1. If only one of 179, 189 is modelled with pLDDT under 50, over 26 Å from residue 41 (Cα atoms) and either touching a helix residue (DSSP H, G or I) at 6+ places or on another chain (Cβ under 9 Å) or surrounded by 15 or more Cβ atoms within 10 Å (Cβ to Cβ) (or both), which one is it?
2. Taking residue 110 as the residue in question, decide whether it is outside any loop (DSSP other than H, G, I, E, B), touching a strand residue (DSSP E or B) at 6+ places or on another chain (Cβ under 7 Å) and surrounded by fewer than 14 Cβ atoms within 10 Å (Cβ to Cβ).
3. Go through (1) more than 19 Å from residue 55 (Cα to Cα); (2) part of a loop (DSSP other than H, G, I, E, B); (3) at pLDDT 65 or above and name the single condition residue 128 misses.
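The values are calculated or read from the model by the stated rules, or taken from the named source; none is laboratory data. What you see is a predicted model; the values in this text were computed from it and never measured. Here the Cβ positions follow ideal geometry from the backbone for every residue, glycine too, while neighbour counts run over all protein chains shown.
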């Protein structure tokens, strides 16, 4: 299950990209009223399917990436406040790692440090829908935006690697994203 809060602005983003949100929702047995209850939840597989269908119907092959970039991390509610009000960046990251399942039961967040670099691995459990590219891109962009809120606007990632079966390998991040490097889409994640 994923919090409805994670969908804030989704219907507007689909419309702005030239899609019909009502038609996409109807294909998943939903209507707009589901999204008016911010404390509610929908199955993660439905959210992933909506993002995938939004990409197809709008012709925006990077819809998940664009929606993630426009999504404000504070919209997810208490999890953002736990991260932002932690005494240190490290504690904030650990708190997100500990509590992310409350916001999205399919998401796992792992942090490791090697020397002067930190690595966050964001993994979605098998949702029964393939490929998960749009959901992965949305999630990783949200991770980068959350880190920028915690550390400051001047900090950026050198790149983001989104690994999903069947992913294209020729997609570059739009220049307006908070991650100035490439977004590498690979069919396999070494070591995972």
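1. Only one candidate passes the filter, namely 179.
2. The answer is yes for residue 110.
3. (1)
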